[in-house]
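Report on one structure; see the data block that follows.
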Protein chains: 2
Amino acid sequence: MPKIVRFHETGGAEVLKLEDLPLAEPGTGEIRLKVKALGLNRAEIMFRKGQYLETPQLPSRLGYEAAGIIDAVGPEVTDFQIGDRVSTIPSFPMGEYGVYGESAIVPASATAKYPASLSANEGAAIWMQYMTAFGALIEYGKLKKGDAVIITAASSSVGIAAIQMVKATEGIAIATTRGADKKSFLTDAGADHVIVTDEEDLVEKVMALTNGNGARIVFDPVAGPFLEQLATATASGGIIFEYGALAPHPTPFPLFPALAKGLTIRGYTLFEIVKNPDMLKRGKEYIYKGLEAGSLKPIIDRTFPLADIAEAHRYMASNQQKGKIVVTV
Amino acid sequence: MPKIVRFHETGGAEVLKLEDLPLAEPGTGEIRLKVKALGLNRAEIMFRKGQYLETPQLPSRLGYEAAGIIDAVGPEVTDFQIGDRVSTIPSFPMGEYGVYGESAIVPASATAKYPASLSANEGAAIWMQYMTAFGALIEYGKLKKGDAVIITAASSSVGIAAIQMVKATEGIAIATTRGADKKSFLTDAGADHVIVTDEEDLVEKVMALTNGNGARIVFDPVAGPFLEQLATATASGGIIFEYGALAPHPTPFPLFPALAKGLTIRGYTLFEIVKNPDMLKRGKEYIYKGLEAGSLKPIIDRTFPLADIAEAHRYMASNQQKGKIVVTV
């Protein structure tokens with residue numbers, strides 16, 4: 001019987017349990033994956049805590065991203081066959097399809113092959129990060145050459161994906177990080193400029209870097225009171241994507257900068273993209289092309305074995321990581 | 001010498017003084033207007049108080065909207081001549097060009113003829129209200145048949161303009177007003193539904209009116225804590241225009257509805273439209289067409305003589321008006 005991660009109560013990392021569950025069969029339109037690697041996401045911490053957009057039905061599985069080999073195919077699946085090397089695109093209810101474990105069943109539509117040049121660990125670190133950045137920056141933000149983009153929480157896998165996309169488009173990637181310890185990492189990852197927000201004035205620095213215009217796009221998963229500064233550092237007509245709620249404090253709406261500069265503040269999640277077949281198709285094409293060209297390249301921070309899943313969650317919560325945390329199976 | 005309204009200190013309505021000032025000559029690209037009527041706007045109260053986007057240089061003129069007859073034309077003005085019957089499009093610094101008075105000089109580019117079928121009082125009640133609503137609803141909001149639109153502070157001239165535009169597009173105009181006293185007025189003005197927010201639950205009522213979908217567009221000059229309810233009543237993928245700051249309380253950003261539904265919250269002012277020649281042109285064409293067809297029709301609440309300008313401002317601050325307050329000159 002495959003080992004599957006579940007939790008019987010919401011709470012800290014310790015609620016995650018490795019359980020032996022019967023090998024399940026894929027239903028109509030589903031495939032079964034022999035999992036090789038899991039990519040971890042903050043959404044999974046929030047889901048585990050009962051603080052996510054989706055509420056867990058206990059006991060619950062969890063997990064959005066897995067890479068592996070298809071070992072069973074359900075009825076009416078035509079695009080995939082047993083033996084295909086694929087990873088999952090987060091576009092399903094986590095409680096129903098959660099992929100943490102040695103075996104996972106997911107909708108075939110939430111599955112994509114990944115380039116042969118990538119390892120399974122890298123394969124588990126593609127879709128969440130690149131599709132999230134693609135949707136905001138490319139699909140909605142219409143990112144173009146020369147655009148200044150502020151990327152907050154830039155050391156996260158999505159932050160790095162955004163840096164790579166801005167560089168691939170010949171924009172100006174302005175990464176922010178709280179402490180100085182991640183500065184050289186972000187420069188190495190391709191950021192044109194790194195602002196250490198614990199030590200530097202964001203608005204002043206962004207204005208200096210953009211001839212006083214401000215950034216055209218802000219890509220922020222933090223929210224909270226810092227949004228006011230981000231809005232002040234945004235150019236007239238600019239757009240701020242809020243794609244998470246990491247800040248522990250409420251978020252004031254930056255009304256006066258928004259009025260004075262005609263700012264757009266856009267709540268955004270990956271689900272808008274993956275639920276729209278046209279956008280999803282464009283996203284896949286863009287990402288495959290970038291992976292092949294090498295302009296997009298997953299950065300793995302650290303790996304954990306599946307038995308240490310709770311420890312991996314604790315590490316993710318600690319904010320030490322630079323890039324993707326991967327669990328090998 | 002023409003009487004001109006100025007203020008020598010920021011403050012209450014009593015700071016507005018009627019002063020005899022020398023008749024000025026229009027400069028390059030400017031025209032001089034013999035003023036017949038003034039349309040009043042809340043922006044002028046905020047400017048008078050020193051709380052507007054633009055800060056007054058004292059002593060300061062004020063006022064955005066005047067209708068009258070051109071009685072002098074500056075160098076390099078080709079589109080207008082003496083005797084033309086025009087009104088002003090707010091697209092200039094209020095302190096420099098403020099139109100409250102018997103004579104006003106404005107840039108020719110901020111001037112437009114108005115249909116012969118309209119009185120001067122109506123002519124002074126066109127551009128701010130219709131161009132503001134046009135920019136948000138038509139230009140950016142891409143309003144279409146069947147769209148449900150929540151219009152807050154709906155008894156204001158801009159609110160009524162929005163109701164008329166939604167009806168002209170065959171959308172569903174959901175007007176909100178705090179007290180029940182303006183309900184029948186709003187129904188008469190064309191609103192499909194009126195929600196009295198002091199007595200009714202906005203979210204529940206909007207959901208009932210939209211088959212549980214919510215409104216696709218919200219057009220709100222209030223902001224403040226009510227934005228959270230507006231966001232909850234907005235449909236997935238919907239857009240909320242914040243075009244003012246009437247609320248006395250800070251505005252929390254509705255992060256969770258924004259994330260869950262991919263909401264766009266857009267700070268917006270008329271200036272984006274009037275500073276963009278293409279948008280301004282489209283707006284003028286749209287508004288002329290609507291005025292001629294009768295789908296757009298200014299509603300005048302009450303008129304005051306110029307000598308009672310302070311009283312007119314007090315009345316505007318009282319929120320009793322239903323439609324435009326006009327000062328006759």
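Values for this structure:
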quantity	calculated
Alpha-carbon centroids, segment B:1-77 and segment B:229-253: separation in whole Å	32
Bridge type composition, segment A:128-271 - antiparallel percent by DSSP, nearest 5	0
Net charge, A:A125 excluded, C-beta distance under 9 Å - Lys, Arg +1, Asp, Glu -1	-1
Cα-centred dipole magnitude for segment A:128-271, charges only on beta-carbon of K, R (+1) and D, E (-1), debye, nearest 20	420
Ascending count of other beta-carbon atoms within 10 Å, so fewest first, for B:I172, A:I126	B:I172, A:I126
Fraction of antiparallel bridges per DSSP, the protein assembly as shown only, in percent to nearest 5	55
Copy-to-copy label separations for A:A317, where each label sits 7 Å from Cα toward Cβ, in nm and ascending	5.3
For segment B:119-215: relative contact order, % (alpha-carbon pairs under 8 angstrom, 6 or more apart)	23
Average Cα contact separation per residue, chain B, under 8 Å, 6 or more apart, as relative contact order %	17
Inter-site label distance for A:E25 and A:A247 at 7 Å from Cα along Cβ, in nm	5.2
Nearest-first distances (nm) between copies at A:D181, label 7 Å from Cα via Cβ	6.2
Sorted by Cβ density within 10 Å, fewest first, the residues B:S157, B:S236, A:S60	B:S236, A:S60, B:S157
Span per principal axis, largest first, for the Cα atoms of segment A:185-251 (Å)	31, 31, 20
Rg/Rg_globular for chain A, with Rg_globular taken as 2.2 N^0.38 Å and Rg from C-alpha atoms	0.99
Centroid-to-centroid separation of segment B:89-119 and segment A:283-329 [C-alpha atoms, Å]	60
Rel. contact order, % - alpha carbon contacts under 8 angstrom, at least six apart, segment A:173-238	28
Value of Rg to Rh for segment B:128-271 (Rh from inverse mean 1/r over Cα pairs, i.e. Kirkwood)	0.92
Residues of segment B:205-243 with amide N under 19 Å of a point placed 7 Å along Cα→Cβ from B:E199	B:205-209
Expected 222 nm ellipticity per residue - DSSP helices of 4 or more, -39500 (n - 2.57), all of chain A, to 500	-7500 deg cm²/dmol
Local electrostatic count, A:E96, Cβ distance below 13 Å [Lys/Arg +1, Asp/Glu -1]	0
Whole-angstrom gap from segment B:165-213 to segment A:125-154, using each part's C-alpha centre	38
P(r) histogram, all alpha-carbon pairs of segment A:52-205 included - 10 Å bins from 0, percent	10, 31, 29, 21, 7, 1
Dipole moment magnitude, nearest 20 debye, the protein assembly as shown about Cα centre, only Lys, Arg, Asp, Glu C-beta charged	660
Net +/- balance of residues flanking A:G11 in space, Cβ distance below 11 Å, scoring K and R +1, D and E -1	0
Estimated distance in nm for a label pair at A:K289 and B:K289, the labels positioned 7 Å out from Cα along Cα-to-Cβ	3.6
Kyte-Doolittle mean at least -0.5 and Cα axial length at least 15 Å: DSSP H helices in chain A	A:157-168
Label 7 Å beyond Cα on the Cβ vector: B:P250 copy-to-copy distances, nm	0.8
Cross-link pairs B:K17/B:K324; B:K17/B:K289; A:K145/A:K275; A:K261/A:K322; B:K142/B:K182; A:K261/B:K3 - those with Cα-Cα distance over 32 Å	B:K17/B:K289; A:K261/A:K322; A:K261/B:K3
Projected area, mean over directions - the protein assembly as shown, Cα convex hull, nm²	30.9
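We did not get these values from a lab; they are worked out from the coordinates using the rules stated. None of the values given here were measured: they were computed from a predicted structure. Please note: Cβ atoms are built from the backbone with ideal geometry, for glycine as well, and neighbour counts cover all protein chains shown.
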